[in-house]
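Each reported figure results from applying straightforward, stated rules to the coordinates on display, with no laboratory input. Here the structure is a predicted model, which means the values were calculated and not measured. Cβ placement follows ideal geometry from the backbone for every residue including glycine, while neighbour counts extend to all protein chains displayed.
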2 protein chains.
Amino acid sequence: MIEIERKFLVTSEDYKKEANVKKRIVQGFLNSHPNRTVRVRIKADKGFLTVKGKSSANGTMRFEWEREIPLSEAESLLRLCEEGVISKVRYEVVCGAHTFEVDEFHGENEGLIVAEVELKNEDESFERPDWLGEEVTGQIKYYNSQLSKKPFNEWNE
Amino acid sequence: MIEIERKFLVTSEDYKKEANVKKRIVQGFLNSHPNRTVRVRIKADKGFLTVKGKSSANGTMRFEWEREIPLSEAESLLRLCEEGVISKVRYEVVCGAHTFEVDEFHGENEGLIVAEVELKNEDESFERPDWLGEEVTGQIKYYNSQLSKKPFNEWNE
């Protein structure tokens with residue numbers, strides 16, 4: 001299927017107060033090429049394998065295929081991944097008709113917080129929470145596959 | 001799981017007479033790195049996603065994870081794959097207690113025929129059919145992931 005998503009930086013920690021779901025995520029990449037990423041994810045106590053294609057020119061649309069897999073299999077696959085496993089906490093925050101997923105990165109990406117919202121079509125409008133900052137949709141350096149290779153704490157070097 | 005397999009060249013076409021199963025396979029790679037290949041396969045009318053790890057030192061053992069997926073999803077994922085989709089016909093030939101999978105390659109790998117046998121342990125003996133030739137277990141150039149990048153008909157160039 002095609003996912004339509006927009007991604008933003010986050011300007012305060014108020015999302016924590018508004019969140020109704022909080023889950024730990026650990027993920028690695030079997031392939032981190034932006035044209036075809038293959039991601040292994042453990043989210044809370046569930047495993048997932050996800051394939052994403054190349055983004056559309058404006059970065060909003062991207063082919064995405066995901067399948068839940070047993071936790072033990074996800075753990076085995078995670079051991080095969082490229083170096084640079086990502087650890088983050090995801091908060092789900094409802095705002096109007098949409099749910100924002102706010103990812104608070106840890107480890108080598110400590111300090112980075114991004115929010116994503118999934119849309120039904122590219123032109124769909126949505127209510128912006130107060131803590132929503134600059135849009136970074138389509139900026140490849142913010143892809144998790146790239147954060148695993150060049151983490152946030154190396155960006156100013 | 002860990003797969004234990006040995007791979008051989010094939011010296012005659014007698015396997016065709018002995019085969020009881022014949023299936024067309026089309027496959028591509030979302031990642032063709034020998035340390036972590038991610039394969040999309042359509043075998044007859046079924047789709048599969050397969051992850052393989054690095055081979056053991058002697059090339060016999062390799063981590064392998066496979067999941068059947070809907071044909072339409074496999075077709076979508078195949079379109080994301082790296083260039084060099086592989087087309088082959090697989091014959092299954094029973095010989096003694098084992099089944100040999102004989103892959104007859106087409107397209108850019110026309111002329112290459114290899115046979116694989118899966119073993120329960122590395123020392124397990126097996127009956128050799130007459131058409132079984134030189135062993136090529138662990139030779140990376142015979143990996144399908146490598147045949148997609150450097151096909152058989154370019155080997156003598």
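Anything over 21 Å Cα to Cα? Flag those among A:K141/B:K52; B:K17/B:K120; A:K43/A:K88; B:K7/B:K150, in the order listed.
Pairs exceeding the cut-off: A:K141/B:K52; B:K17/B:K120.
At 222 nm, what helix-only mean residue ellipticity would chain A give, in deg cm²/dmol to the nearest 500, using -39500 (n - 2.57) for each DSSP H run of four or more? The partial results should precede the final answer.
On the way: 3 runs with 18 residues, N = 157.
The per-residue figure over chain A is -2500 deg cm²/dmol.
Give the long-range amide H neighbours of B:F126: residues separated by 5 or more places, or on another chain, with amide H under 5 Å away, using H modelled in the peptide plane at 1.01 Å from N.
none
Simple spin-label model, 7 Å along Cα-to-Cβ: B:L71 to B:N121 in nm?
4.2 nm
Quick one: Cα centre-to-centre distance for the stretch A:1-35 and the stretch B:56-127, in angstrom?
Here the two parts' Cα centres lie 37 Å apart.
Using the Karplus curve 6.51 cos²θ - 1.76 cosθ + 1.60 with θ = phi - 60°, work out ³J(HN,Hα) for each residue of the stretch A:71-83 in order, rounded to whole Hz, and write x for Gly and Pro.
Coupling constants for the stretch A:71-83: 3, 5, 6, 4, 5, 5, 5, 4, 5, 7, 5, 4, 4 Hz.
Positive end of the charge dipole of the stretch A:66-157 (Lys, Arg +1 and Asp, Glu -1 on Cβ, about the Cα centre): tell me which of A:F105, A:F126, A:V93 has its Cα farthest that way.
A:F105
Using Stokes-Einstein with the Kirkwood hydrodynamic radius over Cα pairs, what translational diffusion coefficient do you get for the protein assembly as shown at 4 °C and a viscosity of 1.567 mPa s, in µm²/s rounded to a whole number?
Details: Rh = 21.7 Å.
My calculation gives 60 µm²/s for D.
Working from the alpha-carbon coordinates of the stretch B:42-157, get Rg over Rh, Rh being the Kirkwood radius. If you can, show how the numbers build up before the last one.
Details: Rg = 15.3 Å, Rh = 15.9 Å.
Answer for the stretch B:42-157: 0.96.
Using DSSP to define loop residues, name the GluC sites (Glu not before Pro) in the stretch A:81-124 whose beta-carbon has at most 14 other beta-carbon atoms within 10 Å. Show your work: numbers first, answer last.
On the way: sites: A:E82, A:E83, A:E92, A:E101, A:E104, A:E108, A:E110, A:E116, A:E118, A:E122, A:E124; in loops: A:E82, A:E83, A:E110, A:E122, A:E124.
Of the GluC sites (Glu not before Pro), the ones in loops of the stretch A:81-124 whose Cβ has at most 14 other Cβ atoms within 10 Å are A:E83, A:E110, A:E122, A:E124.
Given N residues in the stretch B:24-63, what is its alpha carbon radius of gyration divided by 2.2 N^0.38 Å? Please list the in-between numbers first.
Working: Rg = 11.4 Å, N = 40, 2.2 N^0.38 = 8.9 Å.
Rounded to two decimals, the normalised Rg is 1.28.
Counting alpha carbon pairs within less than 8 Å and at least 6 residues apart, what relative contact order, in whole percent, applies to the stretch B:2-149? Write out the running numbers ahead of the final one.
Values: 345 pairs, mean separation 48.2, N = 148.
Rounded, it is 33 percent for the stretch B:2-149.
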